[in-house]
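Below you'll find the structure, written out as structure tokens, and then a few comments.
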Ligand SMILES: Nc1ncnc2c1ncn2[C@@H]1O[C@H](COP(=O)(O)OP(=O)(O)OP(=O)(O)O)[C@@H](O)[C@H]1O
Ligand SMILES: [Mg+2]
């Protein structure tokens, strides 16, 4: 349905997006994953015809949308990363307006508003001013506003940033439903691995403006098939212990987490003994040890040597 | 376009306070400032020659104060001279039995007007006195008054230079038009700022992605700013004409036309400002500076005729408010007609078109 070809965007000689090629099939749910500043939003703004690529092309059903954005705009719904609503109006009035500019009116408009409100679960509070909503509710209306014209393709740019867990799971469930039950094609951007793991069939991992890996979840994880992850929970941070483990020849990768240390090691290596010895030496108190098969988070760590979020 | 336009009214209904306060400020300012010096505000300090009898002095004052445009106020000689020296007043008058002396600051723009008025008054009065002395009936004064009311012959005078017609200072109208045009700049600029806000908060992108054309979005905003600015000025004019009985002449329709052209040019100029300054925070600071600056130089606070600095005069030539005020005053005070207003109207339209073109271009370029 949609494909990009070597998309590149240069801002003042710095390439924010550098040769990104990706595709979405109809009905697919695809994740675009990357840390802050990876170039996700820039990629999306080019796909959605809001900005022109420096070089490269975006095609919808084989036709370039750079030259003719009209067709894309008709089928596309965009949920922007920043909340883009009229804060001084009610949720109802916002949706009413965004429906009107798509040519809806009368009972069709009313129906579309109520449907969208239902979708995001804010029917009861539709008359309240957006400014008075919680962050999560604003995010939900932000999504509803993109759904008014029943798009076939929806692009969501980090729709769950900075909101409460309840709103977050509501949104995730909603997106899943839209994709699985209504057959919407979804491009979902996030830097939360769990979300992408839960929602998306395929994933593109982006860093520094380029795609560093892509494939289905399993394909990506198979990058790490020969490895496993060990979580060591500690009572407090032990920088020396971490330094020692990071320098350990058998350990592929070490990262400090909130609760302790995370290690990626080759599968089948018997390494736990030496880890315990190190901990002993540094008088670190181990609260818990957990050995896991890899997640997408680990894939990212493996590919970039960095964590997705700090 | 209509939906964008209507949306702005919806938003206005939610937060009408700012616009309403500009409207209220206009009314308050005009009432306070114009109310304190009804009609005219030119006062000439006047003092008597030591040899002049008090009764004669009062007679002269009475004669002189019959005019509507000037007020002669009796003060001590010392005081009058000091006022002229200090620049508090452009001139001072000394009364004598059958003559006068006028102390004038060289560049006072009103000096010819005032002097010719005093001269006329003296000449007439002296002639009547002469007549009184010659006639026996003692009714000469009444007869002259009668004949003046129904003259056998009226002579219309026209100035050769046309534009340089006598300067009539009407403080009331100056205040009314000045404040109405001045405060409307605020309303228009702050209303148009919604475009900048849309760009900042991202709703602009939603509009661009919709089937609306970009020009429809701009038009919706421009039309809203125009309407709200226009309604504000017209409300003020109507209020003072009908409720406070300001004499704005008998061509109200023409005043409305000038107001519309002026409003258009200010909307366009605001667009230019938005194109130059693209953050709402900066605009909060820039708008008052631009509005006040234009109003000062363009003659909204005091008549442009009082300005002598060449640079300021040159700047005033590119400000729509200069032409708007000039046109309004010439209709209301001098009763000029449409043909004579072609120039200011054309200039305002020209300024408008140029500013609009550059403004939208700048706005588009920055994106
Ligand atoms: N208009 C712009 N002018 C200059 N640089 C820009 C512009 N927009 C984005 N950038 C730069 O391009 C890079 C990619 O930005 P982008 O917003 O696409 O990242 P992102 O992946 O969406 O990050 P985040 O997770 O923080 O939203 C960043 O380094 C950013 O500073
Ligand atoms: Mg982003």
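Derivation of every value follows stated rules applied to the coordinates shown; laboratory data play no part. This is a predicted model, so every value here is computed, not measured. Cβ sites come from the backbone with ideal geometry, for glycine too, and all protein chains shown count toward neighbours.
Between the helical axis of A:135-147 and the longest alpha-carbon principal axis of chain A there is an angle of about 50 degrees. Looking at the P(r) of segment A:2-220, how many percent of alpha-carbon pairs lie beyond 34 Å? For segment A:2-220, the share of Cα pairs beyond 34 Å comes to 12 percent. Can you work out the PRE-style zone for residue A:54? Point 7 Å along Cα to Cβ, and I want the residues of segment A:8-36 with backbone N under 14 Å. The answer is A:8-20, whose backbone nitrogens lie closer than 14 Å to the label point. The packing ranking, built from the mean of other Cβ atoms within 10 Å per residue, places the peptides B:124-133, B:56-65 in the order B:56-65, B:124-133, highest first. On the beta carbon distance between residue B:318 and residue B:128, with R0 = 51 Å, the FRET formula returns roughly 0.50.
Across peptide A:140-147, the average count of Cβ atoms from other chains found within 10 Å of a residue's Cβ is 1.
If the viscosity is 1.306 mPa s and the temperature 10 °C, what translational diffusion coefficient in µm²/s does Stokes-Einstein give for segment A:226-293 when Rh comes from Kirkwood over Cα pairs?
135
Scaled to the globular estimate 2.2 N^0.38 Å, the Cα spread of segment A:67-144, given as radius of gyration, is 1.11. I need the fraction of alpha carbon pairs in segment A:92-181 separated by more than 23 Å, rounded to a whole percent. Result for the distance tail: 19 percent. The angle between the Cα long axis of helix B:77-86 and the main principal axis of chain B comes to about 30°, on a 0 to 90 degree scale.
Only Cα pairs under 8 Å and 6+ residues apart enter the sum, and on that basis the relative contact order of chain A stands at 20 percent. Rounded to the nearest 500, the helix-only mean residue ellipticity at 222 nm of chain A stands at -10500 deg cm²/dmol, with each DSSP H run of n ≥ 4 adding -39,500 (n - 2.57).
Using the eigenvalues of the Cα gyration tensor, what equivalent ellipsoid semi-axes result for chain B when each is taken as the square root of five times the eigenvalue, whole Å, largest first?
Sorted largest first and rounded, they come to 51, 21, 17 Å.
Under the definition of partner shielding as Cβ atoms of other protein chains within 10 Å of a residue Cβ, what is the mean value for peptide B:197-209?
On the way: counts 2, 2, 0, 1, 7, 8, 10, 2, 8, 13, 4, 5, 16.
If you average over the peptide's residues, the count of other-chain Cβ atoms is 6.
Between residue A:127 and residue A:243, what FRET efficiency comes out of the Förster formula 1/(1 + (r/R0)^6) with R0 = 45 Å and r the beta carbon distance, rounded to 0.05? The pair residue A:243/residue A:127 has a calculated efficiency of 0.20. On C-alpha positions alone, give me the angle between the axis of helix B:171-201 and the longest principal axis of chain B, in degrees, nearest 10. The answer is roughly 10 degrees.
For segment B:42-143, pairs of C-alpha atoms spaced more than 24 angstrom apart make up 25 percent of the total. The base-10 log of I(q)/I(0) for the protein assembly as shown, evaluated at q = 0.06 Å⁻¹, reads -0.56 [Debye formula, identical scatterers on Cα atoms, solvent excluded]. Once C-alpha pairs closer than 8 Å and six or more residues apart are averaged by separation and normalised to the residue number of chain B, the relative contact order reads 19 percent. Within chain A, DSSP assigns beta bridges of which about 70% are antiparallel (rounded to the nearest 5).
Counting only DSSP beta bridges with both residues in chain B, what percent are antiparallel, rounded to the nearest 5? Here the share of antiparallel DSSP bridges comes out near 40 percent. Each DSSP beta bridge with both residues in the protein assembly as shown is either parallel or antiparallel, and the antiparallel ones are about 65%.
Take each residue of peptide B:5-16, count the partner chain Cβ atoms within 10 Å of its Cβ, and average: the result is 3. Packing, as the average of other Cβ atoms within 10 Å across residues, places the peptides B:84-94, B:191-201 in the order B:191-201, B:84-94, highest first.
Please give the peptides B:16-23, A:115-122, A:80-87, A:139-146 ranked by average Cβ packing (other Cβ atoms within 10 Å per residue), highest first, as a rough proxy for protection.
Going by the mean number of other Cβ atoms within 10 Å, highest first, we get A:139-146, A:80-87, A:115-122, B:16-23.
How much mean residue ellipticity at 222 nm does chain B get from its helices, if each DSSP H run of length 4 or more adds -39500 (n - 2.57) and you divide by all residues, to the nearest 500 deg cm²/dmol?
-22500 deg cm²/dmol
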